[in-house]
Amino acid sequence: MAGRPEIKTLKNIAREIRIEILKMLTCAGSGHTGGSLSIVELLVGLYFYKFRCDPKRPLCHTRDIFILSKGHACPALYAVLAHMNFFDKKELCTLRKVGTRLQGHPQRGLPGVEISSGSLGQGLSIANGYALGARIDKDKKRIYCLMGDGELDEGQIWEAVLTGAHYKLDNVCGIVDYNKFQIDGKVEDTKALEPLKEKWEAFNWEVLEIDGHDLKEVMDAYDRAETIKGKPVVILAHTTKGKGVSFLENQNRYHGVAPTKEELDRALKELEGE
Ligand SMILES: Cc1ncc(C[n+]2csc(CCOP(=O)(O)OP(=O)(O)O)c2C)c(N)n1
Ligand SMILES: [Mg+2]
């Protein structure tokens with residue numbers, strides 16, 4: 001994509017994406033609210049700036065690859081893909097309905113969704129596989145894998161971290177949605193991660209630490225990640241679970257709960273009033 005979009009433009013898109021996420025979840029009556037809202041800028045900064053894809057040819061061989069390893073946050077991905085015209089926005093209201101392509105966790109078959117995910121811990125291993133394949137094909141594609149901070153409890157992640165460093169997979173860009181909460185509460189109380197930067201560095205990954213809601217920092221990180229050679233990169237993105245709606249922020253009871261109709265109306269007033 002040529003040049004950087006204006007921050008103002010991206011902020012507007014992020015606001016629209018949040019509105020779509022909340023409407024979808026309320027309509028479905030279930031789903032993961034907090035962890036969808038925390039990744040909005042990370043997705044918007046990627047898809048509307050850096051990511052090479054063609055929504056009309058979603059399987060185009062030279063496309064970049066995005067893997068939503070924290071698959072439960074798929075409402076955010078669906079809203080972004082619809083906004084990019086991978087499929088019609090009208091389909092968003094079918095989230096979690098019987099027979100839909102918009103399952104509660106991503107399923108291959110929906111244009112723009114590369115892998116079925118939702119069983120946490122697997123995405124980075126798959127990213128490594130794509131990256132090794134691209135190397136064999138001499139293909140310049142980049143592989144992005146978005147993980148949750150709670151998801152880092154999964155041992156498979158750390159196997160994949162070792163593998164990525166061993167094969168010097170500099171076409172892999174991991175992203176950690178460091179929103180400090182997981183299903184059972186605070187990450188720190190469940191299984192502490194700190195010092196997290198040093199842990200990735202010890203495994204020989206380049207680490208970029210950013211505010212994951214600051215679109216300039218997000219775009220800068222994706223730019224910088226491309227320049228690192230000889231090792232993979234991970235972006236530790238500090239975020240807020242439930243970001244963008246005052247009564248959802250850092251309220252972990254909305255981890256796997258959709259807003260009620262009344263809550264949706266309140267949230268829309270806040271977002272539309274921005
Ligand atoms: C292997 C596996 N175990 C348990 C779950 C259930 N689960 C869904 S979301 C979640 C919490 C993940 O926390 P985090 O990665 O921090 O994501 P966030 O809630 O912040 O979006 C869990 C345990 C799962 N999806 N996969
Ligand atoms: Mg989390």
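What follows is calculated from the coordinates using simple rules that are stated; it is not laboratory data. Quick caveat, the model's predicted, so the values are computed rather than measured. Methodologically, a virtual Cβ is constructed for each residue, glycine included, from the backbone with ideal geometry; neighbour enumeration extends over all protein chains shown.
Considering every alpha-carbon pair of region 92-217, the percent of pairs per 5 Å bin, from zero through the bin containing the longest distance, is 2, 9, 17, 20, 19, 17, 10, 5, 1, 0.
Taking label points 7 Å from Cα along the Cα-to-Cβ direction, Glu6 and Ser30 give a separation of 4.3 nm. For the chain, the Kirkwood hydrodynamic radius comes to 18.5 Å, computed from all pairs of different C-alpha atoms.
Checking the Cα-Cα distances for Lys23/Lys70; Lys70/Lys261; Lys56/Lys89; Lys50/Lys90; Lys186/Lys241 against a 18 Å cut-off, the pairs over it are Lys23/Lys70; Lys70/Lys261; Lys50/Lys90.
Can you tell me the mean projection area, over all orientations, of the convex hull of region 1-125's alpha carbons? Units nm², please. Mind dumping the intermediate values first?
Working: hull surface 30.4 nm².
Mean projected area for region 1-125: 7.6 nm², to one decimal.
Across Leu46, Leu77, Leu124, mean-square fluctuation computed from a Gaussian network of the chain (C-alpha pairs under 10 Å connected) peaks at Leu46. If the elastic network links every pair of Cα atoms under 10 Å, which of Asp177, Asp220, Asp211 fluctuates the most in the Gaussian network model of the chain? Ranking Asp177, Asp220, Asp211 by mean-square fluctuation puts Asp220 first. Extents of region 177-274, taken as max minus min of Cα coordinates on every principal axis and listed largest first, are 51, 31, 15 Å.
Look at the dipole of the chain built from charges on Cβ: of Gly129, Gln182, Ala258, the Cα furthest out on the positive end belongs to Gly129.
Quick check on the exposure proxy: order Ser117, Ser38, Ser246 from fewest to most C-beta atoms within 10 angstrom. Write down the numbers at each step before the final one.
Details: Ser117 26, Ser38 30, Ser246 10.
Least to most surrounded, the residues fall as Ser246, Ser117, Ser38.
With R₀ set to 30 Å, the beta-carbon distance separating Thr190 from Ser116 gives a calculated FRET efficiency near 0.70. Springs join every pair of Cα atoms under 10 Å in this Gaussian network model of the chain, and among Asn204, Asn252, Asn12 the largest mean-square fluctuation is at Asn12. Positive contributions from Lys and Arg (+1) and negative ones from Asp and Glu (-1), summed over other residues with Cβ under 15 Å from the Cβ of Gly29, come out at +2. For the chain, the membrane-span-like helix rule (DSSP H, alpha carbon extent of at least 24 Å along the helix axis, mean Kyte-Doolittle at least 0.0) picks out 7-28; this says nothing about an actual membrane.
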